[in-house]
Amino acid sequence: MAQGSSGNVVAAIASFLIPGLGQLAQGRGSKAAKHFLLSLALWLLLSGWIMNIWSCYEAATFEPVDEEKLARARQLAAKRSHEPVPPGWG
């Protein structure tokens, strides 16, 4: 499913109907399983509507990771790990 605002709206609607379905449509299987199982457990306690709302919100506000930005952050972290530690810091 396409990411972005329209893809997130579809995912949010899917998650409202079945918690975790929107996350699954976004390609986040482990998150989908967590949402579904937690919702199932909460419905057994008559509080499942809370998870329906949370799952819908989480799918609607999802932002894919910017791979380029992540790569720059990793390079910067690697560069900084090789810098000498100032006296008194370590």
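Read-outs throughout are calculated quantities, based only on the coordinates presented, and are distinct from any laboratory measurement. Keep in mind the model is a prediction, meaning the values are calculated, not measured. A quick note on method: Cβ atoms are made from the backbone with ideal geometry, for glycine too, and the neighbour counts reach across all protein chains shown.
Tabulate in residue order the Karplus-calculated ³J(HN,Hα) for the stretch 45-57, using 6.51 cos²θ - 1.76 cosθ + 1.60 with θ = phi - 60°, rounded to whole Hz; enter x for Gly and Pro.
My calculation for the stretch 45-57 gives 9, 6, 10, x, 4, 4, 5, 4, 5, 5, 4, 4, 4 Hz in order.
Out of [x] 7.6; [y] 8.9; [z] 16.2, which label holds the value of mean projected area of the Cα convex hull in nm² that was computed here?
After the calculation, the listed value that fits is [y].
If you average the C-alpha positions of the stretch 1-40 and of the stretch 45-59 separately, how far apart do those two centres end up, in angstrom?
Spelled out, the Cα-based centre of one part sits 11 Å from the other.
Taking neighbour Cβ counts within 10 Å as the exposure measure, how do LEU37, LEU70, LEU24 sort from fewest upward?
Numbers: LEU37 13, LEU70 10, LEU24 21.
Result, fewest neighbours first: LEU70, LEU37, LEU24.
Taking the 0 to 90 degree range and rounding to the nearest ten, how far is the long axis of helix 29-44 tilted relative to the main principal axis of the chain, both from C-alpha atoms?
Result, in degrees: 40.
For TRP43, TRP49, what ranking results if the residue with the fewest other Cβ atoms within 10 Å of its Cβ goes first?
Working: TRP43 15, TRP49 12.
The order, fewest Cβ neighbours first, is TRP49, TRP43.
Can you figure out the FRET efficiency of ILE13 with HIS82, using R₀ = 41 Å and their beta-carbon distance, to the nearest 0.05?
On the way: r = 48 Å, r/R0 = 1.17.
Once the sixth-power term is evaluated, E becomes 0.30.
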